[in-house]
Each structure stands twice: as structure tokens, then as C-alpha cells.
């Protein structure tokens, strides 16, 4: 299969769900394809472990009010920098606030930053890439030029610039990170669409007079969905890291609301005196990013069985 | 191929114009007045007005933009508000340091990433494989200001093996390169692993084995070569990420590159420097990718120009 | 296969660009000392009890040096380095008395005239002798609009024109002010007014910032942007000759990295240690830690033009509800002094009897009840620095707990913050610091006089006619006793009106390797290294 021009380099990242097999046409076949993938996923122990961890984080974030032992903003100036004890399982911070409670509430911010920013990236990147890939020509040129523009900015700098311009807040951090990730998704989707478009069944569908929208929705999208899902899962981890990076510059969540990135950043100041203040949020970030990555890997393995023997 | 190259170069011009315009607009809408920042806590209004007009900041924004473009095409990127030095000079005196760091990080990530990926694929589904995957991802899942600090505390402070910061000898390059390259290494390791797995399952590998070739020859000479094609795609994109990540790494390790310059410039709203840096990085990124594109087209017969 | 060539290709592209830039920017970097190298010491002097001579002191700075041209200073680090090279006519000694430095004698024939005689025989680093021409040239240059100096107001405020600086003879200069101005000598000690050599500046032109020539104990040697600035001993120095051979100043932005460098031997001297670390370093005892009281004030201010903060009872209630002693003890680890007025206790005009607002929650509630506060939410803005945010969080908690006031915190990046609090339209409460000199005018006038509303200093937008009158009169008087009385009264009124809650007078600090001897902290944080010696390892 001709891979096409260097502009499609994004597709050469081996999400091999595309190369080779012609995807099947009928709805039933598509459904069967998905249910097989689902079965494979359930059998992958690493991925399931990762999914459990993520589920745990999500539950903690959702039911923070019930789980957290203390109010995350409750200060106690007589008990600052406490190391882990029975009363404060993970110790206390510079103002005597309970670290465990702040971590639990922080999960909300960190997870929502991940989800919403990737959501923004997909919401804009997917249609952009699909339209560019499917219709080609001038629209393609214009859209990809726009994407190149965004890509030419160093990612972190662009996020800093946008967040600075919009003002420091979690919402603006999400928007900034989302915008930074749009070109990656657009490029990926475009390459996938280009590959799918070239296959025979789309020709066939067109020859029997199916409209563009129908073709896009029924045939093109389901096949690129796999690629997008995998990439989105991986991008979630990256988004959480970028939020930490923004906190470093002072542009993430605003106090006293905790975020893991913010806690890590604040903890750095006291690292020689009370290392637990940075270590615990650092571990949370690591665990979550690790989990998202392992889950993404598992999804990719499940959606394309040729990877495993 | 020449036509392809020229087309791309021509398209690069509106791209860079677009980038410079975007930076300009961002500068306008970002709150923060460079004059007030320069004057500090005590900023008498007359002083502020004088300074503002001497820097050309009292002109309407489109005039300022046009001035900027007009001088930029002649190679004059303006004068830094802070140091009063030409921006071009500021950038060029620091860019070699960043390039050095990025190259070292690239070298590190490619070497480590490919080795780990190959080992992982060959020992697929064993403990080594799983461990390698986890380590690779772990390297990717710490913000660089955190991993950098941990490296300094461990290798410089506790063990005393390396200098904590600064630039000068190869020893100074080790920690920053590791901190910066770790996430790229992780990505490369995983992609190498999956594409190695794919190519190891191909017919030609079975054929090679059947012919009686030693396992090492099979792995390296046959499977790896094909596996590297997708990996090389990622490298091009990673250069951009490395140049960007250098911003935080340079701050942590006091590395005298343009990343640190940019952070300071953003702090001070030193617009000429910010514009100059973004333009420089965008140009480097575009040119590098163009060069790599051309090389890739030359090397991989499957790829044609659209 | 050939696609493998892609990696070296990528590397090659990057390296080619790097090499090209290297050519463009000059010779490759000189290698600074490896961290394990011991300080080199010249052979000890044969005379008895002579301190060790020589050595290279490596000092860490928190930020890059921007310029070594004094009128262009916009940050303190440039000044710290410049202080080794340049000197002014007057300076403050360790007891905060103004002493003549390059000047020898001062005569004041009347309130507005200063006749200054220079020391004779002082040589600049280029061999030229210091004359009155150099002083006039320096000051005129600061005032000249073409120089675009952000510090020109130091002179243009008080001098009608550059002609009012007159050269009387080779070593004598006369300055005539527009009107009597008490703080004038204080102005002359300012870093921006360090004296430059006319010949050297005219020769160097725009390059002077990188090739400074002064009269100071150290001479400029080398400056590698972003990496280091080096100065070396001036053997022809007119005063007490320094013992060190060289000083290398290295900018290291991250405070943890700076400490790691000190503790691993890569740096000898660190200025301004984070308060958290002072205790730890003192306990560990491996390094010398010096602290002393600085002349500055960290404060909470309110925009007195914006309801409900325009009601003094609201402000006074808040002041009683915040325990500043606790903040100093906890968040600032007991360093520094809890403040009751913007002036330091050792300032000659300090008023110890102002209303101190000692923590008293019940009095706070009472006052709030008498005020027109109706439950509005109040915003508190500060710079996005962890220590300041912690203070803000504490204030937020105490106002909530003691008065039921909901405070919304707004940490902002520095540039955005300064711009936000300048116009008076938007901001309500904010935290900020102010570094002044020993002359009370440099603190009280910009902060509380109504003509300085906004970016000029008075961001509380405070206006009190009597205070205005007092501050202006004190500024134009040259008799210290008169001025003192006026400043005492002004502080009293200001404390009652409570536009501010003064929180803390900060400290200066330094951490040093035990090999470094003879360094003494100065209350104004002047970095004086000419008395420093570096013992051999």
C-alpha cells in the first residue's frame, strides 16, 4: 500500500489498525470487530490493572467529599510539615493542611485537566483532520497550514503564551493544553482518513451514490476511531504532565484549590526539609500517567491483534 | 524532488509570517506592561511615558507589527527592552548551548530508546519486557523540573559524581541530557518495541531463520531495519518537543540556552526577545523537518510526493 | 538500511546549525573551574598574621546579569556585580550613616547647594584619573533622554537641568537643586549614579554595558551571557585592597539547584537563602549562614477608593483579625521582624507608638459590626511566589474564621500583577514588598502621598491631606529633627487610617563555604567582597 507523501508521516506511527486489511463494510461486521477487541482487552491483565487504577482515581475524585479525611483548606499552624502519622496519613504541608485530603481533591483537577484538554483537542482536531483528509485540495492545504502553524510553536511555550494571555486558572490551562494538542490529532486523523479513503470499499460506496456525509460517518470514522482512542488515552497522561509544567510557571490551578502539579511545585520549595510534600503528588502523577499509558498500549494491542502472537 | 523542496520552502514564508503575527497578537492581549515591569515598584508616570515612547510602544499595534516585519526581513530582530542588546545577538550567543543540549538529549533518547525497545521485543512477554515497559513509561511520567531536581540531588549532591549545574565540560551535559531526553527515550522505546514485534512476525524473518541465520543477525539486520522506519518519523516531531522541553530543563540546570532566555523574556514582557525566539525556533523546526522530509523521501522508496 | 541514516541526519542538521551559530557568536566557551578544583592560593605572605591572599570566589546569583551600565539597571543582580566595579560619590556604612566614598568633603552653603570635593589621585581601571568632569558627565548622561535610563528620575526630579551640575575645578563640583530636598544625599548613593569614566563611555558607546570601567576594588574581566561574569582584583584600588584574585558570578535560577551547588562544592557563596533552608543549614553546621535585618517592608494593602474597603473600620477590623506575629513565626520560620509601621525599627524616624493592631479577634468583630460591610466577597491579589501565596492563604483563612469574610485569592505572574494593581480600577487587596533606603522619604513619600497614586508607588490609592502636607514638608526640609517630627506624625495618621497592614521587615542572608572569611552582610544588601579571603582547602 502506498504510504503517500511525507506529510502523512503521522500515520507511520504504528497504530497498525490501518495498514493491510480492508475494514469491513456492514454494521454487524463492525460491531463484531469491536466486541472481539473488547474481549481481547479484558484478557490483558496489565491493561486491566491500569484500568483499575484509573477507575480508583476517578472514584476518589468523584467522591472526594466522602473519602477525604479533612477539609483540604483547613489550616493548622501548630502542625506544619508533619511527617506521616496516624492522624495525617500522608503528613501535613506548610500550613498544616492534610496532604492526603489535598491529593484526593487534587485528583479532580488533574483528571479533569486531562479529560477536558484532550476532549478539546479531539473535538477540534478530529473534524479538522477528517475534513482535510477526505476532501483534500484547498481545504486540506489551508487546514494543514493552520496545523503547521500551531506545531511550529514549541508546545510548552504555546501553552504558556495562551494561559498567560487568558489569565491563570485551571480552565484556561485546559484550553491552552487542548489547543496545543489539536494539530497532533488533526494530523493523525488526516493520515488515517487518507489511507481509508484510498481503499476499495469507499470507491464502491461512492459508485453506488452514497453521499459524502454518509460515507464519512458510516465507513471512515469507525475505522479511524481506534487510532483516535489510543492516541487520546496516551495524550491524557501528557496533559497531566503539561499541567504540572504550567504550575511551575504559575499558570495552573489557583490556591487554595489543590492540583497535583501545583502540590508538586510547592513541595519542591521544601524538598530538603519535608520531602514527602513533593514525593506524594509526584507519585500520584507518575501512577496516573503510567496507568493511562499502559491502558493505551492495551487498547492498541486489543484493537489490532496482529501485534500479539 | 526539487519542486517539492521549493514548494515547501515557499510555503514556509507565510507560515513564519503567521507565527510572527500570532506571537504579536498574543503579546498584545497578554496583560503586562513591559515599561511598568522595567521601572519596578516605583514607576513615576513621566518616566513611564518617556520610556514607552522611546521603545516605540505608544504606536498603534499594527504599525509596531509592520515595523517589526520590515526589519526582520533585513535580519534585524530589534533590540531587547531589558539589555538593550540586539535580539539577534542575544539569541545567537545562546543558541549553541540549546542545540548542544538538544543534540545530546536526542542522542541519549535514541540510543537508550532503541536498545530498550529491541530487548523488550526480543524478550517479549517476559519479565524483562514488562519491566522495561514500566521503566520506559516512568521516565516519561515525571515533569522535567521534578526529575531534574531528583537527578541533581542524587548524582551531584549525594554521590558527587557530576556537577550540579552549568555548562562547560561533558560532565555538565550528562544530567540535563538525561532529564530532557527521558520522555523521548520512553516514546522511542515503545514504538521500537511495537514495530519490532510487528516485523519479527513477518514472513521474511521466518525465512531468514529458516535459512539458518544466527538469531542476532536476524534481529539486527533484518527485523530492526524495517522497524526503524516508523521510529524515524517520531524523531522529527520530537525535535520540536526537545527544543520546547529545554525551557524547563535549562532553568533547573542553569543551562545558558535560549529556553531560559525565553522564560525571562516572557517574565519581563521583553517582546522583541520573545518574538525573536519564537521566530527562531519556528524557523529551525520548519527547516529541520523539511530537511528530514527530503532525506526520508530519498531513503524510503515507498514514499512519493503528493 | 538507508533509513537508519535518518538519526545521524537529524543530529547532523542540529550540529551544523549549532556550529554555524558558534562561528557567528565567537570563540567556544572557556571552561570554568571544575567543581572539584580547590581554590588556588598564592603563597602566604611572610609577614605574621596576614590573611590568605588570592583565590577565586564563586558566587551564585538568582538571575542573569542584564547590564553593567548603571543608569540602565532594572534588577538587583546587575547592581550586585556592578558594585564591585563602580563606585558612587557617597555610600551608606554598616550603621546606615552616609559616608563619603569617591567624595572627600561636602559643603552646603545653603539649603539647595551642594559643593562636593573629590578625593584626589583615584584611578579608573583604564588608568585615567577621577575628575569632576567624569562626575558631571555621568550625571548628565543619566538625565539625558537619549540614554533612556529608567532611573533618570533620581536626578530629573530635583534638578532643573543638567547645567545645574557645575564643574568648579578639577576636583570640585557644585550641584544646585530646584528646591530644598532632604533626601538628596540618599539619592547620590543610588546604584544608578555610580561614577563612570567619560573617556571610557564615549569610546565604548553602546558596548559600555559589556565593558564597564570603574574605580572599584575589582575590575571587569569577562562576561559569558547566561553563564558567568568574572571580575578580578584591582591592585591599584585607592582604598583597602581586596585579597581575592577573582570573583565569578554565576546565575542559577532554581533555588534548589543553587543550594545543591553550594553543598556539593560547586559554589562558594550564596546570597538570599530561602527562609525554609536557613534553619536546616544552621543545624547541619557545614556551611556558614549569616543573616541580618534588611531595610524593607512586606505588606498587605487595600485599595481605599473601592467600597467596602473605603471604610476605615473595615480595614481596621481586618488588621485586628490577622495575626502577623504568627505569620512571621511560621511561614517565615521566625526570620525577620513583625512590622507595625513601614519604617524599620532602626530608622531614625521610626514611630514605635503607632497603633499596632495586635491580634484581637473580638475587637475585630466589634469594629466590623460598626462598619458598613455587608458581606461582600473580597479579592486578594499577590505575586505567584509560594511564600506569598502561603501568606495569602493564611490571611484568607483568618479573615474567614474571625470575621466571616470570604476572600478570593488571585496569585498572578509578576508582570500581570504589577499591571493589574496600577490603575485602581480593578484591584481590591494585594500583597507587595517595598525596598527603601534609610531615608524615610524613599519609603513614605512614594507609598502614601496622593500624587503617587498608581504605579508611582501609592497603590492603596490613599489620600490624606494632612499626610500629604507632612510628607512634602519633610521632603523639602534639610533639618533632621524637623523631618523626624513630621514623619512621626505622618506614621501615626497612616496607622489610624489603616490603608495597610504592615506585615514583616525582611532579612538579608548569605550562605558560605567555611573557607570564606571576612564577609559581612550590609543592611542594604550591598555585596562587599573586598574584605573577603578564601582560605586554602
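Computed from the coordinates by the stated procedures, all read-outs in this text should not be read as laboratory data. Small disclaimer: the values here were computed from a predicted structure and weren't measured. Cβ atoms come from the backbone with ideal geometry, glycine included; neighbour counts cover every protein chain shown.
Segment C:125-188 and segment C:370-433 have Cα centres lying 41 Å from one another. Note on segment B:78-153: Rg/Rh from Cα positions, Kirkwood definition for Rh, rounded to two decimals, is 1.23.
What the Cα atoms of segment C:406-519 give is an Rg and a Dmax of 17.5, 56 Å. Sorting B:159-169, B:188-198, A:102-112, C:401-411 by average packing, meaning the other beta carbons within 10 Å per residue, from highest down gives B:188-198, A:102-112, B:159-169, C:401-411. Counting Cβ atoms of other protein chains within 10 Å of each Cβ in C:419-426 and taking the mean gives 2. When the helices of chain C are scored as -39500 (n - 2.57) per DSSP H run of n ≥ 4 and the total is divided over every residue, the value at 222 nm lands at -9000 deg cm²/dmol. Ranked by the mean number of other Cβ atoms within 10 Å of their residues, highest first, the peptides C:159-168, C:327-336, A:90-99 fall in the order A:90-99, C:327-336, C:159-168. Mean separation of Cα pairs under 8 Å and 6 or more residues apart, divided by the residue count, gives segment C:406-516 a relative contact order of 16 percent.
From the Cα gyration tensor of segment C:78-180, with a ≥ b ≥ c the square roots of its eigenvalues, which class applies: rounded if a/c is under 1.5, or else prolate if a/b is larger than b/c, or else oblate? Rounded. In the frame of its principal axes, segment C:128-192 has Cα extents of 28, 27, 20 Å, reported largest first.
The Cα trace of segment C:269-360 gives Rg and Dmax of 16.7, 53 Å, the first to one decimal, the second as a whole number. Roughly speaking, what is the centre-to-centre gap between segment B:139-193 and segment A:106-135 when only Cα atoms are used, to the nearest Å? Between the Cα centres of segment B:139-193 and segment A:106-135 lies a distance of 30 Å. Averaging the sequence gap over all C-alpha pairs within less than 8 Å and six or more residues apart, then dividing by the number of residues, gives segment C:360-414 a relative contact order of 45 percent. Rounding to the nearest 10 and keeping the result within 0 to 90°, find how far the Cα-based axis of helix C:6-25 lies from the longest principal axis of chain C. Its long axis makes an angle of about 90 degrees. Counted by neighbouring Cβ atoms within 10 Å, the residues A:57, A:77, B:116 run from fewest to most as A:77, A:57, B:116. The fraction of all Cα pairs in segment C:158-308 landing in successive 5 Å bins from 0 to the largest distance is 1, 6, 9, 12, 13, 14, 13, 12, 8, 6, 4, 1, 0, given as whole percents. Peptides C:196-208, C:385-397, C:253-265 ordered by packing proxy, namely the average of other Cβ atoms within 10 Å per residue, highest first: C:253-265, C:385-397, C:196-208. Averaged over the residues of peptide B:181-194, the number of Cβ atoms from other protein chains lying within 10 Å of each residue's Cβ is 2. Dimensions of segment B:92-299 along the principal axes, based on C-alpha atoms and rounded to the nearest Å, stand at 65, 45, 27, largest first. Here the protein assembly as shown is treated as a sphere whose radius is the Kirkwood value from Cα pairs; by Stokes-Einstein at 20 °C and 1.002 mPa s it diffuses with a coefficient of 66 µm²/s. Normalised by residue count, segment B:2-73 yields a Cα convex hull volume of 98 Å³ per residue.
Per-residue shielding of A:284-291, expressed as the average number of other chain Cβ atoms within 10 Å of the residue Cβ, stands at 4. Relative to the longest principal axis of the Cα atoms of chain B, the long axis of helix B:61-73 makes an angle of roughly 60 degrees. Volume per residue for chain C equals 204 cubic angstrom (convex hull of Cα atoms). With respect to chain C, whose longest principal axis is taken over its alpha-carbon atoms, helix C:132-143 is tilted by about 50°. Remark: relative contact order (chain C) = 19 percent; criterion is Cα-Cα distance under 8 angstrom and separation of 6 or more residues. Compute the Cα gyration tensor for segment C:304-355, then decide on rounded, prolate or oblate, letting a ≥ b ≥ c be the square roots of its eigenvalues: rounded whenever a/c is under 1.5, prolate when a/b is larger than b/c in the other cases, and oblate in all that remain. Since a/c reaches 1.5 but b/c is at least a/b, the shape of segment C:304-355 is classed as oblate.
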